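Have a look at the structure below before the remarks.
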Amino acid sequence: MFYDGLKLKYCQLKPRPVKSPPVLSLAGIRIILLIILAITLRGSGYRAGRLFALSCFIVFIVDSLTVSLYNVSMRDASFFLHPDSQWQRRYEALRAIFVERQPPAVVARQFNYSPAYMRLLAHQFRHGKTDLAEPAPEDRSNRRQISAEVRGKIIVWRKQQLSAGEIAQLLSEDGVEVSVRTVERVLAEEGFPKLPRRTRLKIGLTVKNTKVPAKAERIELAELGGSQWESAGAGVFLFAPFLAQFNLERIVTALPGTKSLTAANYFLSLLALKLLGTERLSHVGDHAFDPGLGLFTGLNVLPKSTALSTYGYSLDAGHTEGLQKAFVEEASALGLYRKEVINLDFHTVPHFGDESVLEKHWAGARNKVMKGVLTLFAQDADSKLIVYTAADIQRREADGQVLDFLAFWKEINPRSFSTLVFDSKFTTYENLVELDIMEINFITLRRRGKNLIKQAEALGPWKRVQIPHAKRKYANPLVHDSLITLRGYHGPIRQIVMRDNGREQPAFLITNDLESPVELVIGNYARRWRVENGIAEAVKFFHLNALSSPILIKVQLDVITTMIADTLYWMLAQKLRGFEECDAPKLYRHYIRGGATVAVNNGQVTVTYPKRAHNPALRAVPWDKLPTTIPGCPGAKLKLVFK
């Protein structure tokens, strides 16, 4: 249509009607002359007069025929030079400007337009805002004819409170191109009133014109029969057989639920984000439209970041301690921990907020003291699994954390490990006495000074030993083994001084294990670096340093979910031939990352993974010997298919 939206003042000029040129003016004059001549010669008997009148009559006939022929011959030219309809006048005027290159002022005079209107018409034509199509005749309707099938769809969708624009879009997706105006006309014919004006939120759009995710709700598997989705986070279903080996209800017993979601829903949502390497809860929006990932948690979609964050703030120390204790008990019952040697280490999660009241702690990775949250990790040295975490630690409480760990572990198994390994600044000599009284072996470094280094130069004899570590670069250090006394420690303690170990200064190991071979003591302490590697992995993949909040209890929840996710990755790695020693980032890259098709039929959830280079390793896993249930969906049977 002609663009009527720009009704500017200077262009509101009505076109003047075009006058048709006189075509019979010459013939009319000749008729008048002949009439006068005939009256003059009336009654005359002269033959000459009659002849003259006859000749004039012949001339009149000839002139009339000439004018008639001229009118007929010029009718087509007048159609273009003097058009009657407005659309044709605009067309001829634009053609004169753009094809014949005539000045706009001349064209405006020719077609009886004002120069301002002519400039506006040319501007609109350049920008595609002028419709030069011939309008439909008045006696013929130009409306789109709507079939009964399309009309029925429009009625059904309007009953679902969809707008005319949304209905037109749905019809377009079905292959029926209908304008919004046509949909509005059909709705009016069917007696539907216009929808009241709705906010963007009611329409389902955010301020940035993006779709609003659905509200997280619990689902019933029977209602999903025949459903199928493409899920970008379907890799988490690979952990379902391992998670099903735990008693999920017992693990989440200590956690509270809400009116709409259970504790298991919240726990599985937080765990799923950890398994996918999601950096922060605010990034849950990346998975907000993934029903497959929601199915893993027993929901239609994952809860929004506000819901997850609010739930984290609702927990207290009793909730997190109960969660950790229940999980460690379950893992211990499954035989995941070998529990012979436990590595202990602190880690400072840095915080860069200006308004926080967090204390300053030593951050070894940054080699400086900085504001942050002091966390503790206890690792099983053989399996490299984290068996205990703590985040609500203040600086004055750091020295006593080893005793807190023992108190926690004794509730699970009074006597299940033989040796604790930790750094020199982990605790005090007084606490070492407590460990010795409880008959707990420990290996740690002695705090060395200049005098201690000078004394080491006079020691002898030295013995070269071999540390049984295949990948150790300095596997044959020189050692001096002796018994010494320390201020603040009761009785003698064993000291092992080690040189040629890749360090400029000798290392001083102290232990209350007086019977184990020196090679075993050194080897057990050398494996303490595994806990540092585990912490580095937690920082790199599980984003441990992405501090969720300066509220320590919420940090504790994040650390515990990191421990559980790390355990599940380890359990998966043990089933992958050739990948038993792989860390979580590599497993995620090869197996977890990437989408899959999730289908639900007759109570069975089938997850079909596309072709990938590492699928043969997944097909070799004895999935039929593992649980086939999904912890978040009781009663559902899981089937994994690898193309």
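Overview of values
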quantity: Charge tally in the Cβ shell below 11 Å around LEU94, where Lys, Arg are +1 and Asp, Glu are -1, LEU94 excluded; calculated: +2
quantity: Rounded to the nearest 10 Å², the accessible area of TYR313 at probe 1.4 Å; calculated: 110
quantity: Area accessible to solvent at PHE98, 1.4 Å probe radius, in Å²; calculated: 60
quantity: √(5λ) per eigenvalue of the Cα gyration tensor, segment 311-398, largest first, Å; calculated: 27, 18, 9
quantity: Cα gyration tensor, segment 214-319 - rounded (a/c under 1.5), prolate or oblate; calculated: rounded
quantity: Most to least packed among 162-173, 288-299 [average Cβ atoms within 10 Å]; calculated: 288-299, 162-173
quantity: Modelled FRET efficiency - R0 22 Å, LYS159 with VAL180, Cβ distances, 0.05 increments; calculated: 0.75
quantity: Anisotropy class of segment 451-504 from Cα gyration tensor, a/c 1.5 cut; calculated: prolate
quantity: In Å², nearest 10: area of TRP87 left accessible to a 1.4 Å probe; calculated: 60
quantity: Efficiency of FRET between LEU486 and TRP362 - r from beta-carbon atoms, R0 22 angstrom, step 0.05; calculated: 0.45
quantity: Residues of type aspartates and glutamates that LYS215 reaches as a straight line, Cα spacing below 19 Å, ignoring anything fewer than 8 places off in the same chain; calculated: GLU223, ASP286, ASP290
quantity: Extended-chain gain in nm, criterion 0.36 nm per residue less alpha-carbon gap, GLU430 and ALA613; calculated: 60.3 nm
quantity: Counting DSSP beta bridges with both ends in segment 288-445, the antiparallel % (nearest 5); calculated: 75
quantity: Chain lengthening between ALA475 and LEU195 when straightened (0.36 nm per residue, less Cα-Cα); calculated: 92.9 nm
quantity: Förster radius 60 Å - calculated FRET efficiency between LYS625 and LYS129 (Cβ-Cβ, nearest 0.05); calculated: 0.30
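The values are calculated or read from the model by the stated rules, or taken from the named source; none is laboratory data. In this text, all values refer to a predicted model and were calculated from it rather than measured experimentally. Methodologically, a virtual Cβ is constructed for each residue, glycine included, from the backbone with ideal geometry; neighbour enumeration extends over all protein chains shown. Areas reflect the complete protein model, heavy atoms only, side chains present, ligands, DNA and RNA absent. Shrake-Rupley method; radii C 1.70, N 1.55, O 1.52, S 1.80 Å.
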